[in-house]
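Beneath this line is the structure, given in C-alpha cells, with notes to follow.
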Amino acid sequence: MSIVALDPGISTGIAIYFDNKYTFKTIVNDLDVIYKFLIKENPEVIVYEAFKHRPRMDKAELYSAEVIGVVKLYAQQYRVPTDNYLPSQAKAFWDMSKIKRLRLWKPGRAYIHEMDALRVLLTYRMQNDEAFAADIPYTLIGKGEGWGEPRKSIVT
C-alpha cells in the first residue's frame, strides 16, 4: 500500500509509506509542486494534518488551507481516499520516543514538519492496518518485556 501523509503549511512536511519503507520530503511554498508530487507518487491513500485555527498564525494557516485544497482537488480528480487528524490526535500516541524506537526519528528543526507528517501517517496506519496495530506493542517494547502473546482477537 502506498500512503502519503502531509503536514500542510508554508513548509509542507511529507511522509511516504510504500513497499514497507518510509521516506520523507519537504516542499516549501509551492502548491504546483505539491500537486505534481501527488501525481508522481500516485498514492492509494492521502492523509493530512487537519486545519485548526490558531490565533496569531493567520498567514501560515491560510497557506495550510490552500495546501489542503490542493490535496482535496487531487483526491477528487484521481478518486483517492483521504483522511485527516488534528495535531493533538497524531501527537497523542506518537511522541518522539516511540518514533525513535521505530528508528524513524530525524532530529532537528529542519525535519519538524516531516516528523509531524509521519505522526499523521502512523496514526492512520494504527487505525487502518490491523497487522501494524497488532505488532506495534512488540515493536515498541519488544517480546518478553511484559507484553506476552498477542490476543487472538486482534491478530488475523
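Each value in this text was obtained by applying a stated rule to the coordinates, not by laboratory testing. As the structure is a prediction and not an experimental result, all values here were calculated from the model. Cβ: placed from backbone, ideal geometry, glycine included. Neighbour counts: every protein chain shown.
Summing Lys, Arg as +1 and Asp, Glu as -1, what charge do residues with Cβ under 14 Å from the Cβ of D95 carry, D95 excluded?
Working: positive: K91, K98, K100, R101, R119; negative: D116.
Once all neighbours under 14 Å are counted, the net charge is +4.
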Calculate one ³J(HN,Hα) per residue across segment 107-124 by plugging θ = phi - 60° into the Karplus curve 6.51 cos²θ - 1.76 cosθ + 1.60, and present them in order as whole Hz with x for glycine and proline. x, x, 4, 4, 10, 4, 6, 5, 5, 5, 5, 4, 4, 5, 4, 5, 4, 4
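Here are some pairs, K36/K98; K21/K98; K25/K91; which of them have Cα atoms lying more than 22 Å apart in this structure?
Values: K36/K98 32 Å; K21/K98 17 Å; K25/K91 19 Å.
Too far apart for the 22 Å limit: K36/K98.
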What list do you get for R109, R125, R119 if you sort them by fewest beta carbons within 10 Å? R109, R125, R119
Cα centre as origin, Lys/Arg/Asp/Glu Cβ charges: segment 3-129 dipole, Debye: 460
Unit charges at the beta carbon, dipole of segment 3-129: most positive-side option, L104, V28, A50: L104
